[in-house]
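No value in this document is a laboratory result; all are computed from the given coordinates. Owing to the predicted nature of the structure, the values given are computational and were not obtained by experimental measurement. Cβ sites come from the backbone with ideal geometry, for glycine too, and all protein chains shown count toward neighbours.
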Amino acid sequence: MREEEEKALIGSFLQTLQDLLAVHDVFIDLAERKRQALMQQKIDVLKKIVEEETVLLTVTRRLEDERLRQVTALFELHGLGERMSQMGQEEAQETSRTFSELLSLWSEGDETRQTIEALGHELALKMATLRWKNEMNQALIEFALQSIDRYVGLFVELYPGSAYPSPSRTPSASSSNFSSSSFSSSSSSSSSSSSSSSNSKGPIPPTFFERKL
C-alpha cells in the first residue's frame, strides 16, 4: 500500500514539475514579446502582455502550492512529517523542503531521484533565463523613462513658458502612459528572490529549486 501511495505521489509531483516547466516556457516567450514591444513602443501590446502574465502568475502560484503539498506528503511518507510539524510553516519551507533534502529521500542512482533532479535543473535553468530577460526588459523601461525625462527637460529649456511639468517629476508621475510599474513583469524573477526588477503584482515566491541550485 505504501509503495502504491508513493508511486502515485511521485507521478503527481513529476506532472506538477512538467506543468511548471511549461508555464515558464510561456513566461519566457512573453518576456521576448515584451522586449520587442518595448523597442517598438507599442503600449497596447505591452498592456496585453502584462495581462497575460498576471493570469500565468496565478497559475504558477497554484502549481507552487500543489508542489509544496506533494513534497510535504512525500516527506511524511518517509517518516519526516513529525520533525517538520514541530516547525513553523515558513521555517519548514526554508529549512526542510529543499531540493537537496527531497533528493535524499532516494538513494544515488535511483530512477526517481535522477528524474526529479533532471527536471529540477531544467526548471532552474528556465528560471535563470526568465530572470535575465526580465532584467533586460527592466533596463529598456528605465532607458525609455530617462529618454522622456531628457526630452521634456530640453523642451522646458527651449520653451520656458510651456505647460509641461518639470522633468524631475516626469518619470514618477503616476499618470504617465509609460511608467515602469505598468510594464515591469508580473513574473519577475519569475519566480523569486530571482527578480531584481520591481513590479506591481509582486514576485513569485522562490521555489526550493532556486534556493539550492
Under 10 Å from the Cβ of residue 105, count the other residues' Cβ atoms, weight Lys and Arg +1, Asp and Glu -1, and hand me the total. -2
If contacts are Cα pairs under 8 angstrom and at least 6 residues apart, what is the relative contact order of the stretch 1-132 in percent? 38
Which stretch or stretches of the stretch 10-41 have amide N atoms under 14 Å from the point lying 7 Å from residue 143's Cα along the Cα→Cβ direction? 35-41
Debye calc, one equal point scatterer per Cα of the stretch 1-132, no solvent, log10 I(q)/I(0) at q = 0.09, 0.12, 0.19 1/Å comes to -0.35, -0.57, -1.10
Karplus ³J(HN,Hα) for the stretch 129-135 (6.51 cos²θ - 1.76 cosθ + 1.60, θ = phi - 60°; Hz, whole; x = Gly/Pro) runs 4, 5, 4, 5, 5, 5, 5
What order, most packed first, do the peptides 125-133, 111-119, 29-37 have when packing is the mean number of other Cβ atoms within 10 Å of each residue? 125-133, 29-37, 111-119
Considering only the other residues whose Cβ falls under 15 Å of the Cβ of residue 8, what net charge follows from Lys and Arg at +1 and Asp and Glu at -1? -3
Once R0 is set to 35 Å, what does the formula 1/(1 + (r/R0)^6) return for the Cβ-Cβ distance between residue 44 and residue 19, expressed as a FRET efficiency to the nearest 0.05? 0.70
Using θ = phi - 60° and the Karplus curve 6.51 cos²θ - 1.76 cosθ + 1.60, what whole-Hz ³J(HN,Hα) does each residue of the stretch 53-67 get, with Gly and Pro shown as x? 5, 4, 5, 5, 4, 4, 4, 5, 5, 5, 5, 5, 4, 5, 4
